[in-house]
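Below you'll find the structure, written out as structure tokens, and then a few comments.
Read-outs: derived from the displayed coordinates by stated rules, not from any lab. All figures in this text were calculated on a predicted structure; none of them were measured in a lab. Glycine also receives a Cβ, built like all others from the backbone with ideal geometry; neighbour counts cover every protein chain displayed.
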């Protein structure tokens, strides 16, 4: 995986601790990989929700 962009974000103390715990436990090699996995799962969830929406409301019935 190639990292090319930098973005500064603010985290709550709880979020920061959770990320650090994931790295400290050895589950992830770095904070960046924790965030990458979280974003990957969020994207997967969004795609699933969009797919369900299309199945429930096919284009021919959605007025589009």
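Below, the figures for the structure above:
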{"item": "Likely footprinting exposure, 34, 23, fewest C-beta neighbours within 10 Å first", "result": "23, 34"}
{"item": "Order of 30, 25, 4 under a 10 Å beta carbon neighbour criterion, fewest first", "result": "4, 25, 30"}
{"item": "Likely footprinting exposure, 9, 19, 35, fewest C-beta neighbours within 10 Å first", "result": "9, 35, 19"}
